[in-house]
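Student: Got a structure here, written out as structure tokens. Questions coming.
The values are calculated or read from the model by the stated rules, or taken from the named source; none is laboratory data. Nothing here was measured: the structure is a model prediction, and the numbers come from that model. Here Cβ is always computed from backbone atoms with ideal geometry, including for glycine, and neighbour counts include all displayed protein chains.
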């Protein structure tokens, strides 16, 4: 026989599900169709560049797009670019615009040693490209051998269901072919700010509150993806985490996978969620402006 506590808990869950359903109906979103006619792979002689080339070629094939390789190492492919590291990202952006590339794949850090920088920095070139690129860019931090397996599943990292998140979802849907996870977690700075506010608020905010409210914010996007999945025999799941994003990505059981994240906080500033995703994901990260 169910106790009164069990019944109250069940009723609370029903009320919460009804609330989420009503919110989803009020704030329905659409996942846009995405396409790129040309894909650019930037190579720098690093140990990630074989992964960059293979990933760019595989994605171009899925999109039915042309894949162009541009190598900055000695005797490399493509027109020469400057060796001035401060000027280089702007020349790359000019190349992207001039040649009408719709997607770029590159090692990150670019032309800098990953082992010396580690997660502390993304490097000068990647910093500028993250903040200024008008097209999606895939940042490859570590070498990966099996590109086919990598693209069998995807993880979308977001805190809302805004336009950028929907575009990122569209790219993730287009480039992967298996299960998708919507991972909801805040950057370290955002998480700290919310908890600090919660300690002084009239109604204290707990980590459990954070996870629940984040899930509520993203529910329209999750519902839109699940509607697509029903017609394509794919599985879409959502997970809201109350802890910082970097702590989630650092877990030993977090898989090496293909991730996508909205990129901008303002027109010329990278969002903290995108920056932490690129810094701490072991798999490639697609940053969508």
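Student: Any residue at all in the stretch 164-171 that is over 21 Å from residue 280 (Cβ atoms) and free of Cβ contacts under 8 Å to residues at least 60 places away in the same chain?
Tutor: No, that holds for no residue.
Student: Tell me, please, whether a residue that is within 26 Å of residue 176 (Cα to Cα), at pLDDT below 90 and more than 19 Å from the chain's Cα centre (by Cα) can be found in the stretch 28-39.
Tutor: Yes: the stretch 28-39 contains one or more residues that are within 26 Å of residue 176 (Cα to Cα), at pLDDT below 90 and more than 19 Å from the chain's Cα centre (by Cα).
Student: Need a quick list: helices (runs of 4 or more DSSP H) entirely within the stretch 192-289 having at least 2 residues that are modelled with pLDDT under 80 and surrounded by 15 or more Cβ atoms within 10 Å (Cβ to Cβ).
Tutor: By residue number, 207-230.
Student: Let me ask something else about it. Take residue 77 and tell me if it is modelled with pLDDT under 90, part of a loop (DSSP other than H, G, I, E, B) and touching a strand residue (DSSP E or B) at 6+ places or on another chain (Cβ under 6 Å).
Tutor: Numbers: modelled with pLDDT under 90: yes; part of a loop (DSSP other than H, G, I, E, B): yes; touching a strand residue (DSSP E or B) at 6+ places or on another chain (Cβ under 6 Å): yes.
Criteria met by residue 77.
Student: May I ask you to verify whether residue 84 is out of contact with any strand residue (DSSP E or B) (no Cβ under 6 Å at 6 or more places or on another chain), surrounded by fewer than 12 Cβ atoms within 10 Å (Cβ to Cβ) and either at pLDDT 95 or above or in a loop (DSSP other than H, G, I, E, B) (or both)? Even if it seems obvious, please write down each step before you answer.
Tutor: Working: out of contact with any strand residue (DSSP E or B) (no Cβ under 6 Å at 6 or more places or on another chain): yes; surrounded by fewer than 12 Cβ atoms within 10 Å (Cβ to Cβ): yes; either at pLDDT 95 or above or in a loop (DSSP other than H, G, I, E, B) (or both): yes.
So residue 84 fits the description; yes.
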